[in-house]
Amino acid sequence: MNAPPKAALTREALSLGFDCIGITDPAAIGEAGKHFLSFIEAGGHGDMDWLAARPERRADPRVLWPGVRSIIMLGVNYGPDENPLAILQQRSRGAISVYAQGDDYHDLIKKRLKALARWLVATSGGEVKVFVDTAAVMEKPLAQAAGLGWQGKHTNLVSREFGSWLFLGAIFTNLDLPRDEADIDHCGSCRACLDICPTNAFPAPYKLDARRCISYLTIESRGPIPGEFRKSIGNRIYGCDDCLAVCPWNKFAQAGREIKLASRENLRAPQLSELARLDDSGFRELFAKSPVKRVGRDRFIRNVLIAIGNSEDATLADAAKRLLGDESALVRGAAVWALSQLMGREEFELLAADESLREADDGVRREWTDAVHP
């Protein structure tokens, strides 16, 4: 087995649509593995049970595949063409994280990883395994070790060339490839990402409590969103870009060039009133090929109702009222909260006294009680 020249590997990666490439040693993950295990032990992963499943595989790539000798890290730029924070001022519209406004990046990047892996095997032999986000791989510390960027104080990867906007993929191989030099931290004294977080999800620089993160709350959390975070969520209905968008290194970023990852016009600033009407089939149709589809209609409508409650737009109350009879208790509970924010006190208490709205589900009944007696 003869390793290909780095220049040839880079040319092939760029020709396949990757924007950057670096190579590192499986052992280069360093202390990140220990920090991850501490994060799991502290319960910081919340409902993300898949993170806690066999955490030793994430802490050391050699546990995931004992035969790995080199890890090729690759990035695809998905930089937005407008300020992701601007939508937060349009309270009757929903804010969807930049990465989820186009086609699902998992599918696109995995195809490219497989193509590059096939080229590598055909050129040099050896064995390969490809990973993109869904496997037990700590992409960000490996990307830093491979020189693609560094993990900023918000724990996300930051690139001097692409700012905060890189999708990552990995190719594990048993080939011994030349290593790239690790990047170093360029955050300095900046705290912009920490200070902008609406829910104070960073207990300290470089530490995240996922249970307080809006991306976690709107995507991963399966139950009602805790009351203490609902107002802070604003109109964010899927994910949050605040800590990414505010990073000063984005001044060097460039808009992504992959058309499939570009924002769909109907997902840039969708009307909350229209989203609230989605049934399951309508949800699946709107979010076909989108990462949003994986949360399911009920969780998504829960998020829409939280945004409706934060909208200060009384005309959206009718949309919430229609959902008081939804089949999903999760949706019904969120509708109660939304109405408690939009309706006058006396009007809401009359609604709560309506016999037809007496609720058998404990969670929804608790929402009514808490709203009437805050």
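Please treat every number below as a calculation from the coordinates, not as lab data. Everything numeric in this text was worked out from a predicted model, so none of it was measured. Note that each Cβ is placed from the backbone with ideal geometry, even for glycine, and that neighbours are counted across all protein chains shown.
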Quiz prompt | Counted charge near Asp60, where neighbours are those whose Cβ lies closer than 13 Å (Asp, Glu -1; Lys, Arg +1) | solution = +2
Quiz item: Which one of Leu14, Pro205, His186 has its Cα pushed farthest toward the positive end of the charge dipole of the chain, where Lys and Arg give +1 and Asp and Glu give -1 at the Cβ?
Solution: Leu14
Quiz item: Measuring from centroid to centroid over Cα atoms, what is the spacing of the stretch 86-124 and the stretch 299-334 in Å?
Solution: 29
Exercise. Report the extension gain between Ala7 and Glu285 in nm, rounded to one decimal, defined as 0.36 nm multiplied by the number of residues separating them, less their alpha carbon distance.
Key: 95.8 nm
Self-check item: Modelled FRET efficiency - R0 35 Å, Lys321 with Glu228, Cβ distances, 0.05 increments
Solution: 0.90
Self-check item: Dipole magnitude (debye, nearest 20) for the stretch 1-118, charges at Cβ of Lys, Arg, Asp, Glu
Solution: 420
Quiz prompt | Neighbourhood charge, 13 Å Cβ-Cβ cut-off, centred on Pro141 and excluding it, Lys, Arg +1 and Asp, Glu -1 | solution = -3
Quiz item: Gain in length, Glu82 to Arg160, computed as 0.36 nm per residue apart minus the alpha-carbon separation, to one decimal in nm?
Solution: 26.2 nm
Practice problem: Place a +1 charge on the Cβ of each Lys and Arg in the chain and a -1 charge on the Cβ of each Asp and Glu, then give the dipole magnitude about the Cα centre in debye, rounded to the nearest 20. | Solution: 980
Quiz item: Relative to the Cα centre, what is the charge dipole magnitude of the stretch 271-374, using +1 at the beta carbon of each Lys and Arg, -1 at the beta carbon of each Asp and Glu, and rounding to the nearest 20 debye?
Solution: 600
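Normalised by the residues of the chain, what does the relative contact order come to in percent, with Cα pairs under 8 Å and at least six apart?
This gives 20 percent for the chain.
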Quiz item: Got a sec? Charge dipole of the stretch 129-258, +1 on Cβ for Lys and Arg, -1 for Asp and Glu; which of Gln254, Ala145, Phe172 is way out at the positive end?
Solution: Gln254
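First measure r as the distance between the Cβ atoms of Arg191 and Arg57, then evaluate 1/(1 + (r/R0)^6) with R0 = 22 Å and state the FRET efficiency to the nearest 0.05.
That gives a FRET efficiency of 0.10.
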Exercise. Based solely on C-alpha atoms, express the radius of gyration and the Dmax of the chain in angstrom.
Key: 22.5, 77
Self-check item: Pairwise centroid distance, computed over Cα atoms, of the stretch 211-241 with the stretch 1-75, Å
Solution: 28
Quiz item: Rounded to the nearest 0.05, what FRET efficiency is calculated for Phe252 and Leu357 with R0 set to 41 Å and r the Cβ-Cβ distance?
Solution: 0.15
Quiz item: Any idea how far the Cα center of the stretch 173-193 sits from the one of the stretch 266-295, in Å?
Solution: 37
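From the Cα gyration tensor of the stretch 250-374, with a ≥ b ≥ c the square roots of its eigenvalues, which class applies: rounded if a/c is under 1.5, or else prolate if a/b is larger than b/c, or else oblate?
prolate
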Quiz item: Which helices, counted as full DSSP H runs in the chain, have an axial Cα extent of no less than 24 Å and a Kyte-Doolittle average of -1.0 or above?
Solution: 105-124
